[in-house]
Structures are given as C-alpha cells and as structure tokens.
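**Student:** This is the structure I want to talk about, given as structure tokens.
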Amino acid sequence: MEKFRKQDMLLTKALIILMLILSLFASVLTVPNVTYAEGTSYSNVLDDLHKDENFNEDNYQVISNDHSVQIIQLAESVENRLFIYVYQPSGREDIIATSINISTSSSELDFANYKLTLINREGVFHKYIVEGFQTQVSNLRYYEITSIYREWNESLDVGLPDYTGNNIDEVAYPVSKAYTLIGAGDDLIITCQDIETIKVTSKYVGFIRYYSGWAWRNFYGDSHFIAFSTDKDMDNILEAELEFVTYDYDTLGDTPLGDPDDRDPSKDVNHHITLTNEDVVDNETVGLFGENHTWNRIETVSDFIQKEELTEETKASIENEQWVLRFYETEFTKHGGSSGEMFGHGTAVAKVTLLRLKYETDGYTYNLGVIDNIQSGSNTPSSETNNLWTRIEDWFSGLAEWLQILLIALIVLLSIPVSVFVIYAVWKILSFPFKVLKKDKGDKK
C-alpha cells in the first residue's frame with residue numbers, strides 16, 4: 001500500500017538518523033565490512049561470515065530434502081562490487097544460485113534481475129558476486145531484494161504439464177528483505193527489515209499469431225503474453241514491470257529447426273519493460289489480406305479468452321488464471337523453398353519473469369516487488385491460424401519460386417481478356433444514357 005509504504009520509509013529514515021547518531025559514540029551495532037581485492041582470488045566464505053560476531057555456524061545445518069537457496073548476508077567491496085552470502089541447506093554441489101532481483105531506491109522501486117557467479121563454497125555456505133552491479137558511491141545505500149533463483153532441476157522440481165508447452169528456467173525463492181548500509185569500513189552499519197512482496201502462483205507464457213498479409217511471402221505478427229495469478233487479490237493492475245530475452249529462430253513447416261534450449265545464450269537480447277493499463281496496441285498489416293487487431297496491454301483472462309481464437313491446449317492452460325499481460329510484439333515470415341518446402345523465420349521470447357506490480361484493491365494502491373519463476377513458452381502459437389486466407393497463402397508460398405512466378409504470370413494473362421471485357425461492359429453501361437439523350441435530340445429535330 002502506497003500510504004503504508006510512505007510510513008515505512010519515514011520510520012526507516014528516522015531509524016537511519018538515530019543509527020548515525022549512535023555510530024558516533026559506539027560500534028556495538030556494527031557488522032564488520034568485508035573487503036576484497038579484485039582479481040581471481042577471493043577470501044573464503046566462512047572466513048568472511050565469522051567476522052560477524054553474531055554469526056553462528058551451528059544455526060545452519062544440513063537438511064538433505066531442502067533444495068532452497070537462502071540469503072544470509074551481503075557485503076560490498078572497496079571496488080564497488082556486491083557479494084551475496086547464501087545458505088543452501090541440502091549441501092548438494094549441483095544446486096547453484098543463478099540470479100537475484102534487486103532494487104536500489106528507497107523511494108521508487110527499480111528492480112532488475114542480476115546474474116550471480118559462484119566465488120567459493122564450503123559445505124552449506126556459498127559466496128556469490130553480483131554480475132554487472134556497481135554499488136552506490138554514497139554514505140547511505142539501500143538494497144531491496146525480493147527473490148533469489150536457482151536453475152530448475154528435473155530430478156528435484158515438479159515441471160509444468162506437457163500440454164502447456166512451457167518450461168521453468170529458474171526457480172525463485174523469496175527473500176523479501178531490505179538492507180540499509182550506512183558508512184563504510186569499521187564504521188559500517190547494516191540494518192535489515194522485512195518488506196511486503198507479491199508472489200506469482202501460476203503462469204503461462206505464449207503468443208497470438210495474427211496474419212499480417214502477403215507480399216511474395218506470408219507475414220505474421222506475434223503478440224507475446226503471459227497469463228498469471230498471484231497470492232493477493234487485485235481489482236485493477238496499473239503497472240507491470242518485467243524482464244525477458246529474445247532470440248531468432250527458423251522453422252521447417254511448423255517444426256523449429258534445432259532445439260531452442262541449445263542456442264547460444266550470448267546472442268540472446270535482454271529486455272526490461274514497464275506496461276501500464278493505458279497502453280493500447282495494434283498489429284501492422286503488410287500486403288494483401290492482412291487482418292487488423294487491437295488489444296490492451298493489460299486485461300483479464302476472461303476478456304482475453306472471449307476475444308481471441310485460442311487453441312484448446314491454451315484455453316486449458318489459462319482458464320484458471322486471473323490476468324494477461326500482452327507485453328511484446330515480433331514478426332514471423334513464411335516462404336517456399338526451391339523444392340516446395342515451407343520455411344519460416346521469427347523472433348522468439350523466452351525467460352520471462354515479473355519484477356513489479358502496481359495495482360489497486362478495495363480502493364488502496366499497492367506497489368510491490370514480485371516473486372516469480374523465470375519461465376519460457378514454446379515457439380508454437382497459442383492461437384488458431386488456419387483461416388481460409390492463411391491456407392491459401394501457405395499453399396502458394398509452399399510452391400517453388402519459379403512456379404509462383406509462372407502461376408502469377410498465368411493469372412495476369414488470363415486476367416487481361418477478363419479486364420478488357422469488364423472495361424468494355426462498364427463503358428457500354430456508362431455511355432448508354434448519353435446515347436439515349438442523343439437519340440432523343442435527333443427525334444426532336
């Protein structure tokens with residue numbers, strides 16, 4: 001709630017001022033700062049943690065059936081890098097934290113997903129560096145963390161139903177804490193408080209394929225969406241912030257060429273976007289027979305199902321969800337090969353995760369970080385696309401190029417006498433009144 005959040009921030013600022021005063025007289029509230037020399041050599045995770053006199057290693061036992069990742073503490077380096085200390089109860093070496101969601105503003109949430117790199121580990125204790133993150137050059141730093149992720153594991157985690165065509169890439173574990181750091185070195189003070197977050201309880205990633213038209217090849221527009229539910233009631237979503245990646249792919253017929261999971265991740269393009277409930281989008285038509293469609297960025301699942309021609313598998317996947325975010329558009333084209341094969345080329349969306357939701361409930365406005373898995377859909381449309389024109393155009397595009405040219409030339413040749421006849425008939429019809437008028441004038445003479 002915005003009102004409650006402002007109150008929390010006032011309390012936080014008051015606490016910060018009080019701690020600054022106390023820090024001038026005593027150091028009993030301080031947590032030792034951990035500094036590192038940049039390079040390939042880093043201090044050991046347990047050596048760092050033991051610098052905190054309140055840390056008790058016995059509080060972190062091995063729990064073999066607990067596959068979570070849990071944050072113990074964070075630290076900054078003198079080179080403005082951020083380190084995360086993690087408790088991984090199972091003690092399994094194949095469980096590695098992969099990324100983390102952090103906001104660095106105490107007034108306006110600005111979450112981003114950052115990759116984690118393992119520095120070293122000892123038993124259930126792991127130390128990670130936050131890639132691409134620079135700590136603030138300020139006496140006061142703020143880190144609001146909603147969740148930390150690990151890679152989905154087939155032997156440990158329950159997957160999604162096959163009919164959804166969706167896969168979980170990374171599993172999110174809640175952190176829901178805000179860390180405030182004041183000062184540096186031996187005078188560093190770290191405070192931690194719980195924050196309110198919202199959790200996505202289920203999600204489906206898909207796309208609607210619209211026919212954009214024909215101009216020597218078939219053009220389509222793909223409208224990518226997520227359908228989801230949360231653990232809180234929402235009367236209206238005002239804003240949604242999310243991240244995802246895109247990559248190019250090819251198809252033979254309707255079958256993707258190659259396994260999308262085997263693609264080079266370094267070629268993925270990262271996207272970070274914010275949607276609002278005022279955003280309205282329409283697809284662009286190209287060439288002949290294109291179909292124009294308009295939609296809202298944010299809508300309810302019931303409205304979405306009513307307006308779109310979805311496959312039965314898609315309906316089954318989203319009928320129990322609450323909201324739909326139509327967050328991105330890409331192009332897809334089809335063309336025929338020399339021997340009659342149908343080739344396609346498009347841009348896919350993958351690794352989708354929600355970061356923040358601003359919404360209304362019972363007249364109150366909330367702006368919260370989101371706990372959500374990173375999830376990908378398939379490259380098969382969630383909509384029915386086999387209308388008459390697409391069947392005709394797919395058939396035509398599937399012909400060899402020379403046969404397409406021959407067929408078009410034949411149609412043009414056949415259309416010439418038809419066109420001449422039509423022009424002659426129109427001319428006769430249009431000239432008839434003038435002939436009658438001329439005849440009447442002649443009769444009068």
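**Student:** Report the relative contact order of region 146-197, percent, no decimals, based on alpha-carbon pairs under 8 angstrom and at least 6 residues apart. Could the numbers behind the result be given before it?
**Tutor:** Details: 60 pairs, mean separation 17.9, N = 52.
It rounds to 34 percent for region 146-197.
**Student:** With the Cα gyration tensor of region 185-323 giving a ≥ b ≥ c as the square roots of its eigenvalues, does the rule (a/c under 1.5 for rounded; else a/b larger than b/c for prolate; else oblate) give rounded, prolate or oblate? Could the numbers behind the result be given before it?
**Tutor:** Details: a/c = 2.14, a/b = 1.51, b/c = 1.42.
Note, shape of region 185-323 comes out prolate.
**Student:** Which value, in Å², gives the accessible area per residue of region 230-373 when a 1.4 Å probe is used on the protein heavy atoms? List each step's numbers first, then the result.
**Tutor:** Details: 7200 Å² over 144 residues.
Solvent-accessible surface per residue comes out at 50 Å².
**Student:** Right, something else. Name the residues of region 65-81 whose amide N is less than 12 Å from a point 7 angstrom out from the Cα of ASP94 along the C-beta direction?
**Tutor:** The answer is none, because no backbone nitrogen lies closer than 12 Å to the label point.
**Student:** Let me know the charge dipole size of region 50-161 about its Cα centre in debye, to the nearest 20, where only the beta-carbon of Lys, Arg (+1) and Asp, Glu (-1) is charged. Spell out each step's value before the answer.
**Tutor:** Values: 8 positive and 17 negative charges, 40 e Å.
Roughly 200 debye for region 50-161.
**Student:** Tell me, what is the FRET efficiency for ASP157 and ASP282 to the nearest 0.05, using R0 = 25 angstrom and their Cβ-Cβ distance as r?
**Tutor:** On the way: r = 39 Å, r/R0 = 1.56.
Approximately 0.05, to the nearest 0.05.
**Student:** First compute the accessible area of region 130-202 with a 1.4 Å probe, then give the percent of it belonging to carbon and sulfur atoms.
**Tutor:** 47 percent
**Student:** Between their Cα atoms, which of LYS334/LYS358; LYS51/LYS358; LYS127/LYS232; LYS51/LYS199; LYS199/LYS315 are more than 30 Å away from each other? Provide the component values of the computation, followed by the final result.
**Tutor:** Working: LYS334/LYS358 39 Å; LYS51/LYS358 40 Å; LYS127/LYS232 33 Å; LYS51/LYS199 34 Å; LYS199/LYS315 23 Å.
In this structure, LYS334/LYS358; LYS51/LYS358; LYS127/LYS232; LYS51/LYS199 exceed 30 Å between Cα atoms.
**Student:** Shifting gears a bit: For GLU384 and ALA409 in one chain, what is 0.36 nm times their gap in residues minus the Cα-Cα distance, to one decimal in nm?
**Tutor:** Between GLU384 and ALA409, full extension yields an extra 5.8 nm.
**Student:** Given Cβ point charges of +1 (Lys, Arg) and -1 (Asp, Glu) and nothing else, what value in debye, to the nearest 20, does the dipole of region 131-194 about its Cα centre take?
**Tutor:** Numbers: 3 positive and 11 negative charges, 62 e Å.
Here the size comes out at about 300 debye.
**Student:** Nearest 20 debye, what's the magnitude of the dipole of region 313-372 about its Cα centre given +1 on Lys and Arg Cβ and -1 on Asp and Glu Cβ? Intermediate results must be reported in sequence, preceding the final value.
**Tutor:** Values: 6 positive and 9 negative charges, 38 e Å.
With only Lys, Arg, Asp and Glu charged at Cβ, the dipole is about 180 debye.
**Student:** If you take the beta carbon distance between VAL422 and ASP250 as r and set R0 to 45 Å, what does 1/(1 + (r/R0)^6) give as a FRET efficiency, to the nearest 0.05? Display every interim value, and only then the final one.
**Tutor:** Numbers: r = 43 Å, r/R0 = 0.96.
It comes to 0.55.
**Student:** What ranking, highest mean first, results for peptides 114-122, 275-283 when packing means the other Cβ atoms within 10 Å averaged over each residue? Write down the numbers at each step before the final one.
**Tutor:** Values: 114-122: 16.2, 275-283: 14.7.
Per-residue mean Cβ counts within 10 Å order the peptides as 114-122, 275-283.
**Student:** Please give the FRET efficiency for THR294 paired with ASN236, using the beta carbon to beta carbon distance and R0 = 25 Å, rounded to the nearest 0.05. List each step's numbers first, then the result.
**Tutor:** Numbers: r = 20 Å, r/R0 = 0.81.
So the FRET efficiency works out to roughly 0.80.
**Student:** Still on this structure: Assign one of three labels to region 82-166, namely rounded, prolate or oblate, based on the Cα gyration tensor with a ≥ b ≥ c the square roots of its eigenvalues; rounded applies when a/c is under 1.5, prolate when it is not and a/b is larger than b/c, and oblate otherwise.
**Tutor:** Oblate, because a/c is 1.5 or more while a/b does not exceed b/c.
**Student:** What does the accessible area per residue of region 32-186 come to in Å², with a 1.4 Å probe and no ligands, DNA or RNA counted? The partial results should precede the final answer.
**Tutor:** Values: 7060 Å² over 155 residues.
The answer is 46 Å² per residue.
The values are calculated or read from the model by the stated rules, or taken from the named source; none is laboratory data. Just so it is clear, the structure is predicted and the values come from calculations on it, not from any experiment. Note: ideal-geometry Cβ built from the backbone for every residue, glycine included; neighbour counts use all protein chains shown. Accessible surface areas use protein heavy atoms only, side chains included; no ligands, DNA or RNA. Shrake-Rupley method; radii C 1.70, N 1.55, O 1.52, S 1.80 Å.
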